[in-house]
Amino acid sequence: MNENLIKEIINKVLKSAQLVLTLAYLMAIGVGMLFNYHKYDAFGINIFDYSSIFDFLIAPFADFKIVVFTVVTLCLTYLLFKGDAYWKKKFPNSYSKSIFNLEQYSWYRNLRHIMHFVIFIWYLVMAAQYYGRSSYKNTLIQEPVKIEYAGGEVLEGIMIGKTSDMLFMYSDKEVKAIPISANLKTIQIKY
């Protein structure tokens, strides 16, 4: 009987871990898409026009800052909800005063969830806009690279980023989208 109970508990933990990891990965994809949009939008590029689904599946892992932001955000969100529940349970009078005794109304619970969602989305958008501005500044101070085409033509500029099909460069105060399949011979990073 104890073996069955242990197996059942292990199965429930594994199923919930799978759900949590799946939701965390989906959130990471969404955050990666949002952050990449703002990174390229700073240069006037609509990255959705140049990306494939695969580019977005790996977007959260393309930049370590996005991974760290996603993990920290998930942990902070979890801690905030747990802290709120703890405060409500252990100090109900103080909690009730802090929310102006609104929990007595039936509409408050729904409004509270909506406000949590709106604040969370606002937080993500503000963080993505900050990331876009800082990426823009950091990109402009990078060392230039040289791209040599198979025909011998050379293009020099600052690499903004790339997708699976396109390379984006800032050259001569212009943003250039270069198809990777355009018979590139080399991309010289440092020279």
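Read the figures in this text as sums done on the coordinates, not as results from a lab. Fair warning: this is a prediction, and the values are worked out from it, not measured in the lab. Here the Cβ is made from the backbone with ideal geometry for all residues, glycine too, and neighbour counts use every protein chain on show.
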task: Pop a pseudo-label 7 angstrom from the Cα along the beta-carbon direction at both Tyr78 and Lys90 and give the gap in nm to one decimal.
output: 1.9 nm
- prompt: Too long at a 27 Å Cα-Cα cut-off: which of Lys39/Lys176; Lys65/Lys162; Lys65/Lys90?
  reply: Lys65/Lys90
statement: Between Asp63 and residues 5 or more places away or on another chain, the pairs with built amide H atoms under 5 Å apart involve none
query: Helix 64-90 versus the longest principal axis of the chain: what is the Cα-based angle in degrees, 0 to 90, to the nearest 10?
result: 10 degrees
- request: Treat each spin label as a single point 7 Å out from the Cα along the C-beta direction, and report the Phe120 to Tyr25 distance in nm.
  value: 2.0 nm
statement: For the chain, the convex hull over Cα atoms projects on average to an area in nm² of 17.7 nm²
- line: Summing -39500 (n - 2.57) over every DSSP H run of at least 4 in the chain, dividing by its residue total and rounding to the nearest 500, the 222 nm mean residue ellipticity is -21000 deg cm²/dmol
message: Give the residue list of chymotrypsin sites (Phe, Trp or Tyr not before Pro) in the stretch 1-106 that are DSSP loop and have at most 12 other beta-carbon atoms within 10 angstrom.
response: Phe100, Tyr105
query: When the chain is fully extended, how far beyond the present Cα-Cα distance does Ile180 get from Gln142, taking 0.36 nm per residue of separation?
result: 11.6 nm
GluC sites (Glu not before Pro) restricted to the stretch 88-188 and DSSP loop, no more than 11 other C-beta within 10 Å: Glu153
- prompt: With r defined as the distance between the Cβ atoms of Asn110 and Asp172 and R0 fixed at 41 Å, what FRET efficiency is calculated, to the nearest 0.05?
  reply: 0.15
- prompt: Relative to the present Cα-Cα distance, how much length would full extension add between Ser52 and Tyr149 at 0.36 nm per residue of separation?
  reply: 32.5 nm
